[in-house]
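Engineer: Have a look at the structure that comes next, please.
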Amino acid sequence: MTQTDQRDAQASIEAGVARSRAGFATRLRGLLGGSPDADAWEEVEETLISADMGAELAVGVVARARARRDVIPEMAVRYELLELFAHRDAVPWPRKPAPGVPAVVLVVGVNGTGKTTTIGKLAHRFASRGARVLLAAGDTFRAAAIDQLRIWAQRVDVPLVAHAANADPSAVVYDAMDAAVARGTDVVIVDTAGRLHTKSNLMEELSKIRRTIAKRIPEAQPEVLFVLDATTGQNGLTQARAFHESAGLTGIALTKLDSTARGGVAFSIEQALGIPVLFVGVGERMEDLLDFRPDDFVAALFG
Amino acid sequence: MFDALSDRLRDALGKLTGRGRITEADVEVAMREVRLALLEADVNYRVVKDFVARVRERAIGAEILANVNAGQMVIKIVGDELTAVLGAGDRTFRLTGSPAVVMLVGLQGSGKTTSAAKLARHIVRLGRQPMLVAADPYRPAAVDQLRTLGKGLEIPVWSSPPGTAVLDIARAGIAEAKRIGRDVLILDTAGRLTVDETLMEEIRVLGGALQPSETLLVVDAMVGQESVTVAEAFREAVSITGLILTKVDGDARGGAALSISAVSGVPVKFLGTGERTDALEPFHADRLAGRILGMGDVLTLVERAQETFDEKQSEQLAQKLRKNAFTLDDFLEQMQQLKKMGPLGSIMEMIPGMGGAAKQAQQAVDRGDLTRVEAIIRSMTRHERQEPAVLNASRRRRIARGSGTSLPEVNRLIKQFGEMQRMMRQLSGGGRMPAIPGLRRR
Ligand SMILES: Nc1nc2c(ncn2[C@@H]2O[C@H](COP(=O)(O)OP(=O)(O)OP(=O)(O)O)[C@@H](O)[C@H]2O)c(=O)[nH]1
Ligand SMILES: [Mg+2]
């Protein structure tokens with residue numbers, strides 16, 4: 001996607017969700033205009049909570065913003081929110097380990113958050129920038145998951161490595177690494193089955209997939225992308241923590257931001273774990289993936 | 001899913017040891033905790049406000065019953081209010097019309113397709129003949145997913161060629177159901193956003209034309225503050241008769257259920273408790289409220305256990321346990337039995353004080369693991385199975401090789417077996433397996 005396309009898309013989303021968000025933003029701005037009293041500040045807190053920021057974090061942000069004398073209240077809140085985001089280095093993502101070594105992106109998350117769709121979108125993004133992309137159908141568990149990824153591979157016109165349903169996901173990944181090396185692939189994107197972070201054997205399976213990647217391509221520095229549905233509430237942090245523990249996350253994709261949800265749990269996750277949100281999903285088409293920019297995200301809360 | 005809430009309340013309220021009447025000061029301390037706990041559980045903030053106000057009003061000046069303290073009394077009031085909110089509405093699952101139509105709607109990724117298959121299985125158990133209809137022409141391979149699930153259950157799945165309008169798919173499905181003598185139609189619709197006017201119109205039309213006897217909103221237990229907005233938007237398009245709360249086997253506290261019930265009065269009808277098609281449970285408000293407060297859910301446990309364990313087997317097991325003769329063979333058999341009962345964790349969690357053990361046992365019964373466990377046990381000699389104490393390092397290595405697993409896995413299993421043995425011993429006591437001593441409903 002070119003910069004202009006990205007801006008156009010951004011504009012169309014903004015228009016699309018404007019209606020649902022207008023009330024929210026108007027409320028925030030209304031409350032913070034002039035000099036808010038204690039009740040107004042409490043309402044600001046509630047508004048942030050209603051964006052799924054979590055009570056504890058919202059209370060902290062409001063307390064710090066209230067204490068600031070250097071800027072007007074609205075800016076104080078904005079700055080305090082921005083503070084919660086991790087510092088972003090201008091490094092390429094995914095990292096390309098060395099010439100001839102493919103970059104690997106492992107995509108993980110709980111059931112139904114948008115992993116497979118995000119993979120389709122990422123493949124489109126990388127391929128349209130000239131990269132040779134390969135998809136690996138690591139979800140061998142859910143009914144028709146392989147077919148779903150195959151359809152995406154066809155849409156985006158990239159090759160797919162898949163085994164039969166119920167095969168060992170690590171074996172699929174091993175073959176995909178082989179194929180990637182043989183074909184001179186730039187980026188391999190690995191789909192995995194959705195799993196609840198509470199199921200330890202399934203989480204262990206992710207660690208195993210990581211080990212498989214390392215075994216076949218020791219130089220690989222896999223990026224592990226955690227896909228989070230923006231409608232998720234406070235459980236999102238628990239999820240991220242568990243996935244981080246077993247798979248070592250290096251980035252987050254926040255999906256379904258075209259809904260009425262504001263994805264405030266992303267604040268808690270970055271704050272607690274320092275893993276950057278890199279992408280946002282704003283629809284079901286392959287173009288509907290944008291770079292995440294903290295300023296835009298915070299600005300969107302204020303309309 | 002609600003454990004942390006109950007723990008939190010117990011911690012905060014345990015300090016209130018006053019007697020006589022609940023004072024305003026007691027209530028203030030308690031309500032601060034209740035508010036935070038509910039918000040953390042993703043209960044919508046407006047609902048929290050109302051709820052806290054109601055509990056406060058009821059609690060101040062309430063008489064503290066003999067033998068309890070102020071904290072316990074507040075917990076009871078919170079529990080009663082929770083039950084009242086969750087229990088509102090009619091939870092009967094109605095299948096009227098020929099064929100009866102059940103329509104599932106919800107956001108993308110909420111679990112509609114899996115729930116459709118689970119419901120089909122449930123409906124078969126009710127003695128009816130369901131047919132599944134794939135009414136999601138948008139998501140890639142959605143139809144294949146339903147087909148695969150239907151095949152596993154031996155339940156017919158109707159789909160139409162790509163490009164067919166959803167209402168036409170449904171109408172053709174009804175005609176087909178009549179032709180092949182199926183009396184319940186389960187319509188799996190596409191996931192949609194409430195801001196997508198075209199797709200909301202689509203279900204409005206479907207609902208109007210088909211007049212389903214049940215229109216169930218499928219809601220992910222992990223949903224945050226938006227639950228209310230989402231439910232209200234769906235309710236505006238179709239008349240929702242109930243909720244299916246999914247992914248309850250995770251650790252999300254599912255405040256969505258409370259929020260939606262409070263705002264819309266729509267009752268929760270089913271809980272989804274796992275990925276397999278048998279992981280669907282009917283919802284009981286008093287039980288869930290009890291579970292929220294950490295009282296355990298003994299009734300559900302007993303019911304489920306009764307369905308699965310046949311009495312004679314349980315009696316034999318109980319005897320073995322009493323005689324301390326529980327072997328790895330029995331272990332394997334029990335795991336298979338427990339697997340039939342659905343996720344072990346969801347059963348254990350219903351027993352007060354078993355939360356931790358449940359998590360461990362869950363590991364053993366989770367998908368995939370069981371086959372490996374089976375392979376390990378089958379690679380043991382008869383003697384080894386009867387007397388695991390003889391399993392020294394070289395035997396363990398042989399078993400790992402023979403079963404195609406690893407030494408750590410074998411070690412883990414043997415350790416788990418020891419733990420399980422201990423747990424089983426505690427669980428057994430007298431007579432039948434489910435009759436757990438000291439587990440009266442409090
Ligand atoms: N509106 C919207 N829908 C999305 C977005 N991303 C994914 N979806 C939809 O969400 C649903 C689930 O997406 P999948 O990509 O299948 O999710 P998954 O995480 O791979 O699911 P499992 O493999 O079953 O765990 C599909 O209907 C997608 O079309 C998004 O950004 N916006
Ligand atoms: Mg998927």
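The values are calculated or read from the model by the stated rules, or taken from the named source; none is laboratory data. As the structure is a prediction and not an experimental result, all values here were calculated from the model. Positions of Cβ are generated from backbone atoms using ideal geometry, with glycine treated the same way; all protein chains shown enter the neighbour counts. These accessible areas exclude ligands, DNA and RNA; they are computed on the full protein's heavy atoms, side chains included. Shrake-Rupley method; radii C 1.70, N 1.55, O 1.52, S 1.80 Å.
Engineer: What is the one condition in (1) more than 16 Å from ligand 1 (Cβ to nearest atom); (2) under 26 Å from the mean Cα position of the chain (by Cα); (3) crowded, with 21+ Cβ neighbours inside 10 Å; (4) more than 30 Å from B:Gly254 (Cβ to Cβ) that A:Ala90 does not satisfy?
Structural biologist: (3)
Engineer: Here is a follow-up. Name the single residue, out of those in segment A:49-65 being surrounded by fewer than 16 Cβ atoms within 10 Å (Cβ to Cβ) and not hydrophobic (A, V, I, L, M, F, W, C), that is modelled with the lowest pLDDT. Give the derivation first.
Structural biologist: Of segment A:49-65, the ones surrounded by fewer than 16 Cβ atoms within 10 Å (Cβ to Cβ) are A:56, A:63-64.
From what's left, not hydrophobic (A, V, I, L, M, F, W, C): A:56, A:64.
Values: A:Glu56: 91, A:Arg64: 96.
Per the criteria, the residue is A:Glu56.
Engineer: So the check is Cβ under 9 Å with 6+ separation or different chains; which pairs have a first residue in segment A:24-35 that's under 21 Å from A:Ala261 (Cα atoms) and assigned to a helix (DSSP H, G or I) and a second one that's among the basic types (Lys, Arg) and open to solvent by less than 60 Å² (accessible area, probe 1.4 Å)?
Structural biologist: Every condition considered, the pairs that remain are A:Phe24/A:Arg262.
Engineer: Out of all the residues in segment A:177-201, which are touching a strand residue (DSSP E or B) at 6+ places or on another chain (Cβ under 7 Å) and within 16 Å of ligand 2 (Cβ to nearest atom)?
Structural biologist: Hits for segment A:177-201 are A:Ile189, A:Val190, A:Asp191, A:Thr192.
Engineer: How many residues, within segment B:251-266, are of a type outside the set (A, V, I, L, M) and open to solvent by 10 Å² or more (accessible area, probe 1.4 Å)?
Structural biologist: Quick first cut of segment B:251-266, residues of a type outside the set (A, V, I, L, M) only: B:251, B:253-255, B:259, B:261, B:264-265.
Among the residues that remain, those that are also open to solvent by 10 Å² or more (accessible area, probe 1.4 Å) are: B:251, B:253, B:264-265.
Summing the residues that are of a type outside the set (A, V, I, L, M) and open to solvent by 10 Å² or more (accessible area, probe 1.4 Å) in segment B:251-266 gives 4.
Engineer: Still on this structure, I have one more. Give segment A:135-158 a look and list any residue that's within 8 Å of ligand 1 (Cβ to nearest atom) and open to solvent by 20 Å² or more (accessible area, probe 1.4 Å), or say none. Talk me through it step by step, then tell me what you get.
Structural biologist: First pass over segment A:135-158, keeping only residues within 8 Å of ligand 1 (Cβ to nearest atom): A:139, A:142, A:145, A:148.
Residue satisfying the conditions is A:Arg142 alone.
Engineer: Does segment A:18-52 hold any residues that are facing chain B (nearest Cβ under 9 Å) and not polar (S, T, N, Q), and which are they?
Structural biologist: Scanning segment A:18-52 gives A:Arg19, A:Glu46, A:Ile49, A:Ala51, A:Asp52.
Engineer: Condition check: within 16 Å of ligand 2 (Cβ to nearest atom) and open to solvent by 10 Å² or more (accessible area, probe 1.4 Å). Does B:Gly97 satisfy that?
Structural biologist: Values: within 16 Å of ligand 2 (Cβ to nearest atom): no; open to solvent by 10 Å² or more (accessible area, probe 1.4 Å): yes.
No, not satisfied.
Engineer: Which members of segment A:109-129 meet the condition of being among the hydroxyl-bearing types (Ser, Thr, Tyr) and within 13 Å of ligand 1 (Cβ to nearest atom)?
Structural biologist: As a first pass, look at segment A:109-129 and keep what is among the hydroxyl-bearing types (Ser, Thr, Tyr): A:113, A:116-118, A:128.
Within segment A:109-129, A:Thr113, A:Thr116, A:Thr117, A:Thr118 meet the criteria.
Engineer: Further question on the same structure: What residue, among those in segment B:383-403 that are modelled with pLDDT of 85 or more and not in a helix (DSSP H, G or I), is least open to solvent (accessible area, probe 1.4 Å)?
Structural biologist: Top of the filtered list is B:Leu391.
Engineer: Do we find that A:Asp175 is away from ligand 1 (no atom under 16 Å from the Cβ), modelled with pLDDT of 95 or more, within 23 Å of A:Asn201 (Cα to Cα) and open to solvent by 60 Å² or more (accessible area, probe 1.4 Å) in this structure?
Structural biologist: Working: away from ligand 1 (no atom under 16 Å from the Cβ): yes; modelled with pLDDT of 95 or more: yes; within 23 Å of A:Asn201 (Cα to Cα): yes; open to solvent by 60 Å² or more (accessible area, probe 1.4 Å): yes.
For A:Asp175, the condition - away from ligand 1 (no atom under 16 Å from the Cβ), modelled with pLDDT of 95 or more, within 23 Å of A:Asn201 (Cα to Cα) and open to solvent by 60 Å² or more (accessible area, probe 1.4 Å) - is met.
Engineer: Mind checking which residues of segment B:254-280 are within 24 Å of A:Asp52 (Cβ to Cβ), assigned to a strand (DSSP E or B) and in contact (Cβ under 8 Å) with a residue 40 or more places away in the chain?
Structural biologist: B:Val268, B:Gly272
Engineer: To continue, here is another question. Take A:Arg132 and tell me if it is away from ligand 1 (no atom under 13 Å from the Cβ), of a type in the set (D, E, K, R) and more than 18 Å from the chain's Cα centre (by Cα). Before you say what the answer is, go through the steps one by one.
Structural biologist: Values: away from ligand 1 (no atom under 13 Å from the Cβ): yes; of a type in the set (D, E, K, R): yes; more than 18 Å from the chain's Cα centre (by Cα): yes.
Criteria met by A:Arg132.
Engineer: Consider A:Leu106 against the criteria (1) more than 12 Å from ligand 1 (Cβ to nearest atom); (2) out of contact with any Gly (no Cβ under 9 Å at 6 or more places or on another chain); (3) touching a residue at least 60 places away in the same chain (Cβ under 8 Å): it satisfies all of them except one. Which criterion is unmet?
Structural biologist: Answer for A:Leu106: the failing condition is (2).
Engineer: Next question, about the same structure. Applying the selection to segment A:104-136, what residues are touching a Pro at 6+ places or on another chain (Cβ under 9 Å) and either within 12 Å of ligand 2 (Cβ to nearest atom) or more than 16 Å from A:Val190 (Cβ to Cβ) (or both)?
Structural biologist: A:Thr116, A:Thr117, A:Gly120, A:Leu135
Engineer: Of all residues being facing another protein chain (nearest Cβ under 9 Å) and touching a Phe, Trp or Tyr at 6+ places or on another chain (Cβ under 9 Å) in segment A:114-129, which is nearest to A:Thr255 (Cα to Cα)? Just the residue, please. Explain how you work it out, then say what you get.
Structural biologist: Looking only at segment A:114-129, we keep the residues that are facing another protein chain (nearest Cβ under 9 Å), and these are A:114, A:116-117, A:120.
Subsequent filtering for residues that are touching a Phe, Trp or Tyr at 6+ places or on another chain (Cβ under 9 Å) retains A:116-117, A:120.
Numbers: A:Thr116: 11, A:Thr117: 9, A:Gly120: 13 Å.
Within segment A:114-129, the match that is nearest to A:Thr255 (Cα to Cα) is A:Thr117.
Engineer: Still on this structure, please answer the following. Of the conditions (1) within 11 Å of ligand 1 (Cβ to nearest atom); (2) hydrophobic (A, V, I, L, M, F, W, C); (3) crowded, with 22+ Cβ neighbours inside 10 Å, A:Ala193 satisfies every one except a single condition; which number is it?
Structural biologist: Condition (3) is where A:Ala193 drops out.
Engineer: Name the residues in segment A:156-200 that are touching a residue at least 24 places away in the same chain (Cβ under 8 Å) and basic (Lys, Arg), would you?
Structural biologist: Answer for segment A:156-200, where residues must be touching a residue at least 24 places away in the same chain (Cβ under 8 Å) and basic (Lys, Arg): A:Arg183, A:Arg195.
Engineer: Using the structure shown, decide if B:Glu154 is surrounded by 13 or more Cβ atoms within 10 Å (Cβ to Cβ) and among the acidic types (Asp, Glu).
Structural biologist: no
Engineer: Name every residue in segment A:202-211 that is farther than 14 Å from A:Val104 by Cβ, of a type in the set (A, V, I, L, M) and within 16 Å of ligand 2 (Cβ to nearest atom), in order of residue number.
Structural biologist: Residues of segment A:202-211 that are farther than 14 Å from A:Val104 by Cβ, as a first pass: A:202-205, A:207-208.
Remaining after also requiring of a type in the set (A, V, I, L, M): A:202-203.
Listed by number, the list holds a single entry, A:Leu202.
Engineer: Within segment B:251-283, track down each residue that is within 14 Å of chain A (Cβ to nearest Cβ), over 9 Å from the mean Cα position of the chain (by Cα) and not aliphatic (A, V, I, L, M).
Structural biologist: Matches in segment B:251-283: B:Asp251, B:Arg253, B:Gly254, B:Gly255, B:Ser259, B:Glu275, B:Arg276, B:Thr277.
Engineer: Now a separate question. Restricting to segment B:102-121, give me the number of residues that are within 13 Å of another protein chain (Cβ to nearest Cβ) and of a type outside the set (Lys, Arg). Step through it out loud before you land on a result.
Structural biologist: Quick first cut of segment B:102-121, residues within 13 Å of another protein chain (Cβ to nearest Cβ) only: B:106-118.
Going one step further and asking which of them are of a type outside the set (Lys, Arg), we end up with B:106-111, B:113-117.
Residues in segment B:102-121 being within 13 Å of another protein chain (Cβ to nearest Cβ) and of a type outside the set (Lys, Arg): 11 in total.
Engineer: Under the condition of being hydrophobic (A, V, I, L, M, F, W, C) and open to solvent by less than 30 Å² (accessible area, probe 1.4 Å), which residue from segment B:20-37 is farthest from the chain's Cα centre (by Cα)?
Structural biologist: Among residues in segment B:20-37 that are hydrophobic (A, V, I, L, M, F, W, C) and open to solvent by less than 30 Å² (accessible area, probe 1.4 Å), the one farthest from the chain's Cα centre (by Cα) is B:Ile22.
Engineer: Is it the case that some residue within segment A:228-246 is away from ligand 2 (no atom under 16 Å from the Cβ), more than 11 Å from every other protein chain (Cβ to nearest Cβ) and in contact with a Ser or Thr (Cβ under 7 Å, 6 or more places away or on another chain)?
Structural biologist: Looking through segment A:228-246, at least one residue is away from ligand 2 (no atom under 16 Å from the Cβ), more than 11 Å from every other protein chain (Cβ to nearest Cβ) and in contact with a Ser or Thr (Cβ under 7 Å, 6 or more places away or on another chain).
Engineer: Can you find a residue in segment B:143-151 that is touching a residue at least 12 places away in the same chain (Cβ under 8 Å), open to solvent by 10 Å² or more (accessible area, probe 1.4 Å) and either among the charged types (D, E, K, R) or more than 16 Å from ligand 1 (Cβ to nearest atom) (or both)?
Structural biologist: There is at least one residue in segment B:143-151 that is touching a residue at least 12 places away in the same chain (Cβ under 8 Å), open to solvent by 10 Å² or more (accessible area, probe 1.4 Å) and either among the charged types (D, E, K, R) or more than 16 Å from ligand 1 (Cβ to nearest atom) (or both).
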